[in-house]
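Here's the structure, in structure tokens; my notes come after.
The values are calculated or read from the model by the stated rules, or taken from the named source; none is laboratory data. Please read all numbers here as calculations on a predicted model, not as lab measurements. All Cβ positions, even for glycine, are placed from backbone atoms using ideal geometry, and neighbour counts span all protein chains on display. We work out accessible area using only protein heavy atoms, side chains counted, and drop any ligands, DNA or RNA first. Shrake-Rupley method; radii C 1.70, N 1.55, O 1.52, S 1.80 Å.
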Amino acid sequence: VVSTCGEAYRANACEGIDGNLYLTYDAYINGAYHTLARVKTEAGWSAEIQLDNTDEWTCQSKIIPGAEGATVCWYTFGYGATFSVCSADLSVVDGQLQAQAPVTIAHNVGWYMDLTATAGKDGLQVLCYTWSKDAVQLRYRRGTGDWSQPAMMSYEDKHCAVHPSVIVGEDEEILMVWQFAMTNGHFDRNAMIVLTKFTPEDIDHRGDPS
């Protein structure tokens, strides 16, 4: 057992750019869900650290290789169906797991949320999340820079675009598969799977800060 908190769920792991094994998971602590992380180095497992700093519940943490170790992305949800998309960079300093302060990438109100992330061989990071159940938005970044402006890369009818999965291929081609329910009003019924291909430049071209 590698989690040390009382209740832990939805684990996600990756090998960091530094060769260490990074692990993240949701934890139920004192009546709320939080995002925790550990790292395994040659010296063994680090202590658990909490990445989020919010009173809202956090969920669905995804971890990918980062510029100095790894990056964790997750979302929060609160009263009134508010949600935020967040990330934090992890590294090992003097044998201890260190986390940068979490960054709030996006904030909105909606009753449905899904999130995934990936990284390419050259370090390009891609974050993919739903905007309620109306659309799939993507952002990217390189190194420790800021995330790009969001771009909607699902169909523009803004209805029933859910369950995205994304990879970075050769020459930074981004491939996203997602579920589209053909505007029938039931996002998990009478649906089809769509593959969309694009590049970071396409995200820049379609980027919308609103």
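Taking springs between alpha-carbon atoms closer than 10 angstrom, which of ARG141, ARG189, ARG38 fluctuates most in the Gaussian network model of the chain?
Taking springs between Cα atoms under 10 Å, the residue moving most is ARG189.
Summing Lys, Arg as +1 and Asp, Glu as -1, what charge do residues with Cβ under 10 Å from the Cβ of ALA70 carry, ALA70 excluded?
Taking every other residue near ALA70 into account, the sum is -4.
Write down Rg/Rh for region 1-83, rounded to two decimals, with Rg from the C-alpha atoms and Rh from the Kirkwood relation over Cα pairs.
0.99
Cα to Cα, under 17 Å, and not fewer than 8 places away if on the same chain: which aspartates and glutamates meet these conditions relative to LYS133?
Hits, sequence-local ones excluded: ASP114, GLU156, ASP157, ASP188.
Test of understanding: what is the full-extension gain from ASN108 to SER165, defined as 0.36 nm times their sequence separation minus their Cα-Cα distance?
Details: separation 57, 0.36 × 57 = 20.52 nm, distance 2.11 nm.
Gain in length upon complete extension: 18.4 nm.
When a/c is below 1.5 the answer is rounded, else prolate if a/b is larger than b/c, else oblate, so apply that to region 126-172 with a ≥ b ≥ c taken from the square roots of the Cα gyration tensor eigenvalues.
It is prolate, given that a/c is not under 1.5 and a/b is the larger ratio.
Where does the chain land at 222 nm, in deg cm²/dmol rounded to the nearest 500, when only DSSP H runs of n ≥ 4 count, each adding -39500 (n - 2.57), divided by all residues? Intermediate values should be presented prior to the final figure.
Working: 1 runs with 7 residues, N = 210.
Result for the chain, helices only: -1000 deg cm²/dmol.
Working with all protein chains in place, sort HIS205, HIS34 by solvent-accessible area computed with a 1.4 Å probe, largest first.
HIS205, HIS34
What translational D, rounded to a whole number of µm²/s, comes out for region 37-134 from Stokes-Einstein when the hydrodynamic radius is the Kirkwood one over Cα pairs, at 10 °C and 1.306 mPa s?
Translational D for this selection: 111 µm²/s.
Please give the charge dipole size of the chain, origin at the Cα centre, charges +1 on K and R Cβ atoms and -1 on D and E Cβ atoms. Round to the nearest 20 debye.
My answer is approximately 460 debye.
Got the relative contact order for region 84-210 handy, in percent, Cα pairs under 8 Å and 6 or more residues apart? Each step should come with its number before you reach the end.
Numbers: 282 pairs, mean separation 22.7, N = 127.
The value is 18 percent.
Taking every eigenvalue of the Cα gyration tensor of region 75-210, multiplying by 5 and rooting it, what semi-axes result, largest first, whole Å?
Value: 26, 19, 13 Å, ordered largest first.
Given Cα pairs under 8 Å that are at least 6 residues apart, what percent is the relative contact order of region 1-127?
Working: 309 pairs, mean separation 24.3, N = 127.
Averaging sequence separation for qualifying contacts and normalising by length gives 19 percent for region 1-127.
Considering only protein heavy atoms, what per residue accessible area in square angstrom results for region 1-65 with a 1.4 angstrom probe? Can you show the working numbers first?
Values: 3350 Å² over 65 residues.
Computed with neighbouring chains in place, this is 51 Å² per residue.
Please state, to two decimals, what the Cα-based radius of gyration of region 131-210 comes to when divided by 2.2 N^0.38 Å (N = residues).
Numbers: Rg = 13.1 Å, N = 80, 2.2 N^0.38 = 11.6 Å.
For region 131-210, the normalised Cα radius of gyration comes out at 1.13.
First select every other residue whose beta carbon is under 15 angstrom from the beta carbon of PRO200; then total the charges, Lys and Arg +1, Asp and Glu -1.
-3
GNM, the chain, Cα, under 10 Å: largest mean-square fluctuation among ASN20, ASN12, ASN108?
Judging by the Gaussian network model, the answer is ASN108.
Which one, PHE77, PHE180, PHE198, has the greatest fluctuation when you compute a Gaussian network model over the chain with C-alpha springs under 10 angstrom?
PHE198
Whole-Hz Karplus ³J(HN,Hα) for region 96-101, in order, using 6.51 cos²θ - 1.76 cosθ + 1.60 and θ = phi - 60°, x for Gly and Pro?
3J(HN,Hα) across region 96-101, in whole Hz: 10, 6, 10, 10, 6, 4.
Compute the signed sum of charges (Lys and Arg +1, Asp and Glu -1) over the other residues within less than 9 Å, Cβ to Cβ, of LEU127.
Once positives and negatives cancel, what remains is +3.
Pairs of alpha-carbon atoms within less than 8 angstrom and 6+ residues apart define the contacts here; what relative contact order does region 44-89 have, in percent? Don't skip to the answer; put the middle values down first.
Working: 60 pairs, mean separation 13.9, N = 46.
With pairs under 8 Å counted, the relative contact order is 30 percent.
How about LYS40: which aspartates and glutamates have a C-alpha closer than 19 Å to its C-alpha, ignoring those fewer than 8 places off in the same chain?
Within the straight-line cut-off, LYS40 pairs with GLU15, ASP18, ASP26, GLU48, GLU68, ASP89, ASP94.
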